[in-house]
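Everything on this sheet refers to the single structure shown next.
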Amino acid sequence: MSEIRLYGAPWCPDCKRSKRFLAEHRVPYQFIDIDDDKDGLRFVEELQKGGRTIPTIVFPEGDHLLEPTDSDLARRLGLKLAADRSSYDLAIVGGGPAGLAAAIYAAREGIDSLIVDRSALGGQAGVTERVDNYPGFPDGIGGADLADRFVAQARRYGVEMLAAVDVERIEQDGEDTVLYLAGGQQVCAHSVLIATGSSYRRLGVPGEDELIGAGVHFCATCDGPFYKGADELLVIGGGNSGLEEGMFLSQFAERIRIVEFAPELKASRLLQDKVRADPRFAVHTNTEVVELKGAPKLEEVVARDRATGQELRWRPKAAFVFIGLDPNTAFLRGTVDLDRWGFVVADRYQTSMAGVFCAGDVRAGSTKQLGAAVGEGIAALLEVRRHLEQHRQIAAHATNA
């Protein structure tokens with residue numbers, strides 16, 4: 001698959017979507033910008049007999065897809081898109097570290113389970129350049145490698161897994177729960193574990209997608225130590241998270257530059273006072289990041305003063321983006337209790353819907369850390385096991401009666 005070629009342009013939203021899909025599924029590809037590459041544009045026009053539809057994705061076997069959906073790409077890549085059966089003991093929605101850890105433990109307990117993930121198996125870990133704080137890897141490990149190990153271990157235990165398949169909604173049906181999958185399939189489960197995680201809000205500027213993990217990061221704890229001794233690091237976001245992470249990063253770099261879109265910082269006054277009193281920090285409010293440049297790693301950040309229109313250019317070793325997290329819970333609205341930010345409210349991992357549990361970043365109050373997500377997945381599975389045992393006892397009693 002290393003010869004996949006994606007012909008497109010930086011301004012094309014469908015091109016960005018396809019690039020993100022391939023990156024999340026850890027599929028190598030070559031991007032050809034037809035705005036800058038005349039031979040690339042000529043090839044697209046010849047292939048389409050004069051057309052210029054993008055993205056145009058060409059595969060090593062010689063076939064191609066024009067403006068494909070994620071489902072089109074998934075089918076072409078040979079991903080499994082349908083469950084083998086219609087009923088399971090446990091359906092796990094989300095194939096990141098929490099969901100995979102739960103599935104591995106479920107398999108060892110003899111619990112028949114299915115994982116459904118709308119994106120790629122491995123979750124955020126799979127698109128992290130390097131993980132340096134996960135126990136058992138004293139020299140660190142590439143995020144994609146760690147994610148692949150999680151997936152391989154689940155496969156070893158025979159866990160059935162679907163990637164690039166959306167769960168559109170869930171509904172209770174008696175004591176069971178029905179999952180409605182994109183494509184029309186319905187899956188019934190005696191218990192459900194929600195482990196869909198959350199997504200870092202992105203800037204949506206040119207260069208961002210290409211540089212994620214290569215100088216553009218969303219976790220200072222995970223990636224900050226790689227920049228020990230840096231002259232300058234950039235933090236985008238002036239809320240509590242941005243300033244807290246900036247203070248954490250200050251142990252690695254001589255200078256931390258904070259960039260906030262709004263006219264004022266949004267963090268607590270205490271954090272603001274600490275940052276402004278520290279000579280290592282430079283704060284830019286009312287400032288918009290408009291482009292991230294560099295190849296193969298970040299080389300320059302282009303910003304604009306929103307009041308004067310002045311263009312600003314900086315050359316930090318890395319940029320850390322902290323403009324918020326969005327929980328992946330749209331499919332749950334109206335079915336389980338969510339907090340005001342959309343995270344799932346749970347008591348001992350049990351949600352407001354009987355038989356439906358949650359774990360990991362999607363849970364309100366979770367720490368949003370890889371190790372914690374794995375632990376929560378296991379702890380939630382033990383609650384699932386207890387629920388299934390009660391379910392079997394009730395069923396046995398009804399049969400005997």
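Worth a mention:
- Within the range 303-345, restricting attention to residues that are among the aliphatic types (A, V, I, L, M) and under 13 Å from ARG257 (Cα atoms), the residue that is farthest from the chain's Cα centre (by Cα) is LEU312.
- Looking only at the range 354-364, and only at residues there that are open to solvent by 20 Å² or more (accessible area, probe 1.4 Å) and either basic (Lys, Arg) or part of a loop (DSSP other than H, G, I, E, B) (or both), the one that is nearest to ASP89 (Cα to Cα): ALA354
- Listed by first and then second residue, the pairs linking a residue in the range 51-63 that is farther than 15 Å from PRO10 by Cα and touching a residue at least 12 places away in the same chain (Cβ under 8 Å) to a residue that is surrounded by fewer than 23 Cβ atoms within 10 Å (Cβ to Cβ) and basic (Lys, Arg), with Cβ atoms under 6 Å apart and 6 or more places separating them unless they lie on different chains, are VAL58/ARG5.
- Checklist (1) closer than 22 Å to GLN124 by Cβ; (2) open to solvent by 60 Å² or more (accessible area, probe 1.4 Å); (3) modelled with pLDDT of 95 or more; (4) polar (S, T, N, Q) applied to THR367, failing item: (3)
- Verdict on VAL192 being farther than 17 Å from ILE323 by Cα, open to solvent by less than 10 Å² (accessible area, probe 1.4 Å), modelled with pLDDT of 95 or more and in a helix (DSSP H, G or I): no
- Within the range 101-126, residues that are aromatic (Phe, Trp, Tyr) reach partners that are surrounded by fewer than 24 Cβ atoms within 10 Å (Cβ to Cβ) with beta carbons closer than 7 Å, at six or more positions or on different chains, in the pairs TYR105/ILE378.
- Residues of the range 209-238 satisfying the condition of being over 21 Å from the mean Cα position of the chain (by Cα) and either assigned to a loop (DSSP other than H, G, I, E, B) or under 16 Å from ASP273 (Cα atoms) (or both): LYS228, GLY229, GLY238
- Residues in the range 323-339 that are of a type in the set (A, V, I, L, M, F, W, C) and more than 19 Å from SER119 (Cβ to Cβ) were compared, and the one that is least open to solvent (accessible area, probe 1.4 Å) is VAL336.
- Residue ID - surrounded by the most Cβ atoms within 10 Å (Cβ to Cβ), chosen from residues in the range 16-53 that are of a type in the set (Gly, Ala, Ser) and over 26 Å from the mean Cα position of the chain (by Cα): GLY40
- No other residue among ILE141, ILE92 is hydrophobic (A, V, I, L, M, F, W, C), open to solvent by less than 30 Å² (accessible area, probe 1.4 Å) and without any contact (Cβ under 8 Å) to a residue 24 or more places away in the chain apart from ILE141.
- Qualifying positions in the range 256-300 - without any contact (Cβ under 8 Å) to a residue 40 or more places away in the chain, assigned to a strand (DSSP E or B) and either open to solvent by 60 Å² or more (accessible area, probe 1.4 Å) or among the β-branched types (Val, Ile, Thr) (or both): ILE256, ILE258, THR287
- Of everything listed in (1) open to solvent by 50 Å² or more (accessible area, probe 1.4 Å); (2) within 19 Å of ARG5 (Cα to Cα); (3) of a type in the set (Ser, Thr, Tyr), the single unmet condition for THR56 is (1).
Residue-by-condition table, conditions (1) modelled with pLDDT under 95; (2) outside any loop (DSSP other than H, G, I, E, B); (3) open to solvent by less than 20 Å² (accessible area, probe 1.4 Å):
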site	(1), (2), (3)
VAL302	no, yes, yes
GLY309	no, no, no
ALA319	no, yes, yes
TRP341	yes, no, no
SER352	no, no, no
ALA379	no, yes, no
GLN393	yes, yes, no
HIS397	yes, yes, no
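- For the range 334-354, the criterion of a residue being in contact (Cβ under 8 Å) with a residue 40 or more places away in the chain and within 19 Å of ARG201 (Cα to Cα) is satisfied by at least one position.
- If only residues of the range 159-171 that are open to solvent by 40 Å² or more (accessible area, probe 1.4 Å) and modelled with pLDDT of 95 or more are counted, the one that is nearest to ARG76 (Cα to Cα) is GLU168.
- Check on ALA373, at pLDDT 95 or above and either open to solvent by 30 Å² or more (accessible area, probe 1.4 Å) or among the basic types (Lys, Arg) (or both): no
- Any chance GLY174 is under 22 Å from the mean Cα position of the chain (by Cα) and either surrounded by fewer than 22 Cβ atoms within 10 Å (Cβ to Cβ) or within 30 Å of GLU288 (Cα to Cα) (or both): no
- For PHE31, the conditions (1) of a type in the set (Phe, Trp, Tyr); (2) at pLDDT below 95; (3) in a helix (DSSP H, G or I) all hold with the exception of (3).
- Extreme residue, farthest from PRO296 (Cα to Cα), among residues of the range 129-158 that are among the small types (Gly, Ala, Ser) and modelled with pLDDT under 90: GLY140
- When every residue of the range 231-239 is checked against the conditions, at least one turns out to be open to solvent by 10 Å² or more (accessible area, probe 1.4 Å), charged (D, E, K, R) and in contact with a strand residue (DSSP E or B) (Cβ under 9 Å, 6 or more places away or on another chain).
The values are calculated or read from the model by the stated rules, or taken from the named source; none is laboratory data. Everything quoted here is computed from the prediction, not taken from an experiment. Neighbour counts run over all protein chains shown; Cβ positions are idealised from the backbone, glycine included. Quick note on the areas: whole protein, heavy atoms, side chains included, nothing else; ligands and nucleic acids left out. Shrake-Rupley method; radii C 1.70, N 1.55, O 1.52, S 1.80 Å.
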